[in-house]
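Every read-out reported here was derived from the displayed coordinates using simple, explicitly stated rules and does not represent laboratory data. Everything numeric here is computed off the predicted structure, so don't read it as measured data. FYI the Cβ positions are ideal-geometry reconstructions off the backbone, even for glycines, and counts take in every protein chain you see.
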Amino acid sequence: MKFERQNPREAALDIIIKVIEKGAYTNIEVFKSYGSGCYSELDRRFILELAYGTIKRWNTLDWVLEKFVSKPLNKLQPAVKNILRMGAYQLLYMDRVPASAACNESVKLAKKFGNKGTVKFVNAVLRNISRKYRSINDLDFPSITLDPVSHMSLKYSHPEWLVQRWIERYGIDDTIKLCKYNNKPPEHSVRINTYLTKVEEFKSLLTQEGIDFKNGKYCGEILIIEKNFGRLEIREDLKKFYIPQSEPSALIGCIAGPAAGSMILDTCAAPGIKATHLAQIMGNKGRIIALDIHRHRIELIKKNCQRLGITCIEPHLMDARNAKDHLKEKFDLILVDAPCSGTGVLNRRADARWRKSPEEIKKVAQLQKEILSGVIPLLKPGAPLVYSTCSLEPEENQMQVDWVLNNYPELKQQNLKNFVPSEDLLWGEKGKVFHSLPHLHDLDGFFAVRFVKIV
């Protein structure tokens, strides 16, 4: 069924159904919904919170609904099932939405998908929930003492296997902090395109437009948009001056630190956020060979280059695992921003936590090794290779560093103190590892190291 886009709850339901039932990606569907241009800033925030929140809290909402629905949830019509999830989310997590509004609006949606029996069913389930629970804090979760994994999985809406891994690594208290961070709405952060404007000039533009912002904690090119981000997004004339990027992601470019005129290989470049940052740092002088394995993502690189006025990036459709067999050049810098599990950025990807598995981590770790093997031979003597992920998992991070050092004795790990503006983000012997941790730094989780070829 095609929804009328004027109703924000209907738009949110459309997103939720596509993500949960059809495997779509939340961020893409939200962008499509916003693209209609028919929503106010207030409506956009409501759609975002309702869609992201319902998807993030998927397992907890189902756990609650199972207490009030006699049949298995998977037997319900998909639309009805997700109306219940969305209604329960409003009742339990959105204090500013009156219970009557959550129930009544859910009933209105139910009328579009079934008969009178469906409407009565949705109304009865949600009103029973509202009578028993005023908020999520009224629920009796499993004991954190007797069963900490189940407790945290249900209370903070994460898969049990991931909670178990984090408890073993970080302990109970920090795992709770990590889960809470993942459930927060993501910040709207942007990188100023200093190739076309100056930081202070862009700040003045934002002030003139009534767009509230604050400076990033560590990177001078990053601003956090605190209010009226939608007002910035609709200004086509301003898009050349910025691009969305999180602060720890931007710090990867700082760690790479390319010199103007460099010959650079970006192995997994799409959509081109980090590649354009490297070009920006270089003043658009040099060459960046930007690889990606998917043709449609090559187009994203081109689009972002056009947006920012970058001309030194050369996108190539190529599997980085085979780069050494196809590229004749040697490079002054190689960036391996590797495909990863993304467990450091779960707050930005609402559906991601439910699509990960221990098996995927093993597979992606092997892929990372194959990419590294495919590009390390292309490094010039004395040149650096930066390896980065947005994962928290050791198989993708420190274990890969150990593997590189064991298999490529010509590579040595460099100290990062001259590249990262705060030692709070550095770990390991002599500050050789950059690792932002959500529960410690209130930042997305990113990992990076810098190798240099010594022979």
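Which pairs break 29 Å Cα to Cα here: 81/274; 274/432; 155/203; 227/274?
81/274; 155/203
Spin-label point model (7 Å from Cα, Cβ direction): what's the residue 362 to residue 296 distance in nm?
That separation, rounded to one decimal, is 3.0 nm.
Can you give the angle from 0 to 90° between the axis of helix 398-407 and the longest principal axis of the chain, with both taken from C-alpha atoms, to the nearest 10?
With rounding to tens, the tilt is 30 degrees.
May I ask you to derive the relative contact order of the chain, considering only C-alpha pairs under 8 Å and at least 6 residues apart, and to give it as an integer percent?
On the way: 786 pairs, mean separation 52.2, N = 455.
Computed value for the chain: 11 percent relative contact order.
Using the Cα atoms of the range 255-393 to build a convex hull, what is its mean projected area in square nanometres? Please list the in-between numbers first.
On the way: hull surface 34.1 nm².
The orientation-averaged projected area of the Cα hull of the range 255-393 comes to 8.5 nm².
Kirkwood Rh, Cα Rg: Rg to Rh for the range 275-340? Each step should come with its number before you reach the end.
Values: Rg = 11.9 Å, Rh = 12.6 Å.
Rounded to two decimals, Rg/Rh equals 0.94.
When only Cα pairs under 8 Å and 6 or more residues apart are kept, what is the percent relative contact order across the range 247-453? Walk me through the numbers on the way to the answer.
Details: 433 pairs, mean separation 44.2, N = 207.
About 21 percent, as a whole number.
Quick one: grab Rg to one decimal and Dmax as a whole number for the range 316-427, Cα atoms only, in Å.
Both quantities, over Cα of the range 316-427: 15.2, 43 Å.
How far is helix 199-208 tilted, in degrees, relative to the longest principal axis of the Cα atoms in the chain, given as a value from 0 to 90 rounded to the nearest 10?
Result, in degrees: 30.
Looking at the range 220-287, which trypsin sites (Lys or Arg not before Pro) are DSSP coil and have at most 15 other C-beta atoms within 10 Å of their C-beta? Don't skip to the answer; put the middle values down first.
Working: sites: 227, 231, 235, 239, 240, 274, 285, 287; in loops: 235, 285.
For trypsin sites (Lys or Arg not before Pro) across the range 220-287 that sit outside H, G, I, E and B with at most 15 neighbouring Cβ atoms in 10 Å, the list reads 235, 285.
Add -39500 (n - 2.57) for each DSSP H run of 4 or more in the chain, then divide by its residues: what number comes out at 222 nm, to the nearest 500 deg cm²/dmol? Could the numbers behind the result be given before it?
Details: 19 runs with 209 residues, N = 455.
That calculation yields -14000 deg cm²/dmol at 222 nm.
With all pairs of different alpha carbon atoms counted, what Kirkwood hydrodynamic radius in Å does the range 188-244 show? Mind dumping the intermediate values first?
Details: mean 1/r = 0.0902 Å⁻¹.
Averaging 1/r across every pair of different Cα atoms and inverting gives 11.1 Å.
Classify the range 15-136 as rounded, prolate or oblate, taking a ≥ b ≥ c as the square roots of the eigenvalues of its Cα gyration tensor: rounded when a/c is under 1.5, otherwise prolate if a/b is larger than b/c and oblate if not.
Values: a/c = 1.59, a/b = 1.38, b/c = 1.15.
In terms of gyration-tensor shape, prolate.
Just need log10 I(q)/I(0) for the chain at q = 0.08, 0.14 Å⁻¹, Debye formula, equal scatterers on the alpha-carbon atoms, no solvent, rounded to two decimals.
For the chain, the Cα-only Debye profile gives -0.51, -1.35.
More than 14 angstrom separation, counting every C-alpha pair in the range 242-309; what % is that?
Details: 1252 of 2278 pairs.
Counting every Cα pair in the range 242-309, those more than 14 Å apart make up 55 percent.
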